[in-house]
């Protein structure tokens, strides 16, 4: 009962922190690319809109379709989408983690699943380099958060195919289509998910005995098939040639591999060095979970099946070698498209995808190692381990409280800036719409600050943002002052 109340308290703190982020996201307006998409969406049917963008700019077929539809929602939808997406993602994580958490605890625990999901998202949001571009901004939300939500649902099906003997074969269809749709949002995610499923297939083939791997392999192959088709559709789009003509030449294979590996190492290292507080919370909370799982395991309440081959998948080998190695390879694959297209370090908004995998892997590795270590220690000093658990519980609760307080305080401090910008944007929007109704040929309005790396109006009317805004408002020329 104490653990239940502890989880409830932690969950409330986490939800308060996430609510403060959602509060800030409600001030989101239209920025940069949103005008380009919105301008075409207003005057084209969906088929023509898709054909134009797929053939002249990008192969992100899911992004094109969804961005065109959502652009019709206008400004109010831009401020509503982040909060709605967060709720959907929390529900997806709760559902996805439920079979694993239930097996570990010996009983269904939506509370524990929701708490772990909220912790994961908060750490991701707090440690990502540019949350605004990855989550607040409508264009970035579609490209980078939406595929992670689909990825989460696929993960839930994978866990059920592994742990649930009653897993239904027709569930392979949603796995296939979720992977197909998710792969059409960005090149980075498309490559990342294919490498993830491919590596997991290899692990299952090497690690698990024959009688336990048929269903999990079927599910993984369904996910891989959907991901591969998506990757092909993205890669073969005619629009890629147009966009690539504006970029640097592709690097050679040696540069592609070594630079991608270097970038992956940098991303992983920066998580622990540049956001040490959130990395500490990740490790601390995972250690606490591992300790409690060790305590539950000693009374015979949990036994995760199927059993792997002991040598290849012992707890120590999994936590120290297998999971870190797989994670690094996934991160390399996530960096590879950026190196291939731009020959550069990934943009901040794309690092968000890698961090999601890195945080999950860190949590999983630490839980496995902590559980193994504490389980060994329980045989020698059971009383001391219970004492450690009490103190660790206090430290975890205090750390979550501090993290939530920091996040809420930060949101309160930044809220005036977000509010003022939104109010200025609304005033300018009304002014431009008023001029458009008067059929003026040229409008001169204030250029707002370029926030979080997103461009705004300039003095030059032929600047791309100016041109997209002019098309969006259906005015020949818009000039920023």
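Counted over all Cα-Cα pairs of the stretch 438-480, pairs farther apart than 13 Å make up 49 percent.
Taking the inverse of the mean 1/r over every pair of distinct Cα atoms in the stretch 107-165 gives a Kirkwood hydrodynamic radius of 13.1 Å. If I fit a long axis through the Cα atoms of helix 348-378 and take the longest principal axis of the Cα atoms of the chain, what angle between them do I get, 0 to 90°, rounded to 10? Compared with the principal axis, the helix lies near 10 degrees.
A protection proxy built from the mean count of other Cβ atoms within 10 Å ranks the segments 468-477, 130-139, most packed first, as 130-139, 468-477. State the label only: which of (i) 50, 32, 28; (ii) 33, 26, 24; (iii) 42, 27, 19 corresponds to semi-axes √(5λ) of the Cα gyration tensor in Å computed from the shown model? Among (i) 50, 32, 28; (ii) 33, 26, 24; (iii) 42, 27, 19, the one calculated here is (iii). Entry note, the chain: relative contact order of 22 percent, from Cα contacts under 8 Å with a spacing of 6+ residues.
Restricted to Cα atoms, the stretch 307-390 shows a radius of gyration and a Dmax of 17.9, 57 angstrom.
Subtract the Cα-Cα distance of residue 325 and residue 444 from 0.36 nm times their separation in residues, and report this length gain in nm to one decimal.
Length difference between fully extended and current span is 37.3 nm.
If you look at the Cα atoms of the stretch 28-144, you get an Rg and a Dmax of 17.7, 56 Å.
Given 4 °C and 1.567 mPa s, compute D for the stretch 186-232 with the Stokes-Einstein relation, Rh being the Kirkwood radius over Cα pairs; round to the nearest whole µm²/s.
118 µm²/s
State, as an integer percentage, the relative contact order of the stretch 438-480 based on alpha-carbon contacts under 8 Å between residues 6 or more apart. Display every interim value, and only then the final one.
On the way: 62 pairs, mean separation 20.2, N = 43.
Relative CO of the stretch 438-480 lands at 47 percent.
From most to least packed by mean Cβ count within 10 Å, the peptides 276-283, 363-370, 44-51 give 363-370, 276-283, 44-51.
At what distance in angstrom do the alpha carbon centres of the stretch 155-222 and the stretch 320-377 lie from each other? So the separation of the two Cα centres works out to 18 Å.
For the chain, the longest principal axis of the Cα atoms and the long axis of helix 46-56 meet at an angle of about 90 degrees. Between the helical axis of 61-70 and the longest alpha-carbon principal axis of the chain there is an angle of about 60 degrees. Rounded to 0.05, the FRET efficiency of the residue 80 and residue 3 pair, given R0 = 35 Å and the Cβ-Cβ distance, is 0.45. In this calculation the C-beta distance from residue 412 to residue 390 is compared with R0 = 30 Å, giving a FRET efficiency of 0.35. Model label points for residue 436 and residue 169, set 7 angstrom from Cα along the Cα-to-Cβ axis, are 5.4 nm apart. Model label points for residue 402 and residue 218, set 7 angstrom from Cα along the Cα-to-Cβ axis, are 4.9 nm apart.
Every read-out reported here was derived from the displayed coordinates using simple, explicitly stated rules and does not represent laboratory data. Because the structure is a prediction, the values reported are computed rather than measured. Neighbour counts run over all protein chains shown; Cβ positions are idealised from the backbone, glycine included.
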